[in-house]
Ligand SMILES: *Cc1c(COP(=O)(O)O)cnc(C)c1O
């Protein structure tokens, strides 16, 4: 198998229709034809790329080809955001009266879509604890069509056993979709483990530069064609310009994720024994309760982690304020280092019970490390923890 580093550079080269080294941006809504016959030919068949850009576009098709190669899928489809990718997939695979099983730690947007839109359309949804594959099997019902997974799931980095759940789904005739955003295809390739469909917020490590919103799906040609058909009705497609940005971002994904992995291990190990830290949620640490499973299905552990700061909400807040290079911003998997305080963000929208169920304690901080030098990250974080405890003891700020 060609390495992922190489696929990211060359997987789309048979698309080249001129000698430009970099893919051109086909910034056009439509394509012309000379005759009625040619017009008909351009518009028919699956996934035309030179008819009307909602159906397809040469730049978008090239970026999709790279995503498919990175995930080891036959085909991929690009959409306007990660949420568009997840919702378009679910709206293709499930209909009124069907049953969906979803893991209980899952991206908040996925949960909201299932519990509001899908329930409004008469789809039954059961949430289960993803640490136990048997919980998925117990939840299987006669109308179960789809199992929705995400691993690792930030901010507390729970892991789902992809091979085990894929086998259960196959046995019961259900499809599986995995949100692979946090892992990235460099660290985890669910299709190789028997999963049917991989979804990405390509806003994160696929794009990697915090400059676009994008979503992706990868899987068999048959499945992606079905979802493509529905995407032309739902309309949440990716623009050619965003596809070009995504393509440029993906060329370096292997290098970027490699650095995220190194920075993640280095910082997590440093903080594990730090007196200001109660616990580091990072799947690469032996102390992570599911480290064995993570090591079994991942090639690296990335740059996202949850830190339980001693001293609760105020201490977490002071820590983030004391960071000098990390920006306080949502998103993960970027070139820059980012930090958020999930409790402060979610306290007003989630119930106390819901916060607790998701492991969002007052002292939890989520870090997404960038490609900065590891020693700079470690010194910024440890300095912020030190000034945090000084403030804590002097009662300032
Ligand atoms: C950001 C994110 C999403 C949503 O993607 P958008 O591109 O923001 O729509 C879905 N899943 C995970 C794990 C994410 O981090």
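Here are the numbers for this structure:
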item	result
Positions within segment 226-242 being within 13 Å of the ligand (Cβ to nearest atom) and either surrounded by fewer than 17 Cβ atoms within 10 Å (Cβ to Cβ) or in a helix (DSSP H, G or I) (or both), in sequence order	236, 242
Selection within segment 83-102 - more than 12 Å from the ligand (Cβ to nearest atom) and farther than 15 Å from residue 233 by Cα	94, 95, 96, 97, 98, 99, 100, 101, 102
Filtered residues of segment 142-155 (kept if surrounded by 16 or more Cβ atoms within 10 Å (Cβ to Cβ) and farther than 22 Å from residue 354 by Cα)	144, 145, 146
Some residue of segment 252-273 being part of a loop (DSSP other than H, G, I, E, B) and without any contact (Cβ under 8 Å) to a residue 40 or more places away in the chain	yes
Condition check for residue 288: part of a loop (DSSP other than H, G, I, E, B) and in contact with a helix residue (DSSP H, G or I) (Cβ under 8 Å, 6 or more places away or on another chain)	yes
Matching entry among 170, 163 (being in a helix (DSSP H, G or I), more than 10 Å from the ligand (Cβ to nearest atom) and touching a helix residue (DSSP H, G or I) at 6+ places or on another chain (Cβ under 7 Å))	163
Matching residues, segment 169-189, being crowded, with 21+ Cβ neighbours inside 10 Å and free of Cβ contacts under 8 Å to residues at least 60 places away in the same chain	169, 176, 178
Residues within segment 63-82 that are within 11 Å of the ligand (Cβ to nearest atom) and either assigned to a loop (DSSP other than H, G, I, E, B) or touching a helix residue (DSSP H, G or I) at 6+ places or on another chain (Cβ under 6 Å) (or both), tallied	3
Odd one out for residue 290, checked against (1) more than 30 Å from residue 62 (Cβ to Cβ); (2) out of contact with any strand residue (DSSP E or B) (no Cβ under 9 Å at 6 or more places or on another chain)	(2)
Selection count where residues are surrounded by 17 or more Cβ atoms within 10 Å (Cβ to Cβ) and either farther than 13 Å from residue 368 by Cβ or in the same structural domain as residue 112 (by TED's automatic domain parsing) (or both), scope segment 315-340	6
Scope segment 103-126; condition surrounded by 19 or more Cβ atoms within 10 Å (Cβ to Cβ), within 16 Å of the ligand (Cβ to nearest atom) and not in a helix (DSSP H, G or I); matching residues	103, 105, 106, 107
Residues within segment 156-168 that are over 23 Å from residue 69 (Cβ atoms) and surrounded by fewer than 24 Cβ atoms within 10 Å (Cβ to Cβ), tallied	5
So residue 144, is it assigned by TED's automatic domain parsing to the domain that holds residue 94 and under 30 Å from residue 342 (Cβ atoms)	no
Restricting segment 338-363 to residues that are in contact with a helix residue (DSSP H, G or I) (Cβ under 7 Å, 6 or more places away or on another chain) and within 16 Å of the ligand (Cβ to nearest atom), the residue that is farthest from residue 259 (Cα to Cα)	346
Top-ranked residue of segment 190-225 - restricted to ones that are part of a loop (DSSP other than H, G, I, E, B) and free of Cβ contacts under 8 Å to residues at least 40 places away in the same chain, ranked as farthest from the ligand (Cβ to nearest atom)	194
Residue check for residue 139: at pLDDT 95 or above, over 21 Å from residue 83 (Cα atoms), crowded, with 21+ Cβ neighbours inside 10 Å and more than 19 Å from the chain's Cα centre (by Cα)	no
Only listed residue being under 15 Å from the mean Cα position of the chain (by Cα) and without any contact (Cβ under 8 Å) to a residue 60 or more places away in the chain, chosen from 114, 78, 149	149
In segment 127-139, the residues that are farther than 10 Å from residue 102 by Cα, in a loop (DSSP other than H, G, I, E, B) and either touching a strand residue (DSSP E or B) at 6+ places or on another chain (Cβ under 7 Å) or touching a residue at least 60 places away in the same chain (Cβ under 8 Å) (or both)	131
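Yes/no matrix, rows are residues, columns are (1) crowded, with 19+ Cβ neighbours inside 10 Å; (2) under 15 Å from residue 334 (Cβ atoms):
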position: 249; (1), (2): yes, yes
position: 264; (1), (2): yes, yes
position: 269; (1), (2): no, no
position: 281; (1), (2): yes, no
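The values are calculated or read from the model by the stated rules, or taken from the named source; none is laboratory data. Just so it is clear, the structure is predicted and the values come from calculations on it, not from any experiment. When we count neighbours, we look across all protein chains shown, and the Cβ atoms used for this are built from the backbone with ideal geometry, even at glycine.
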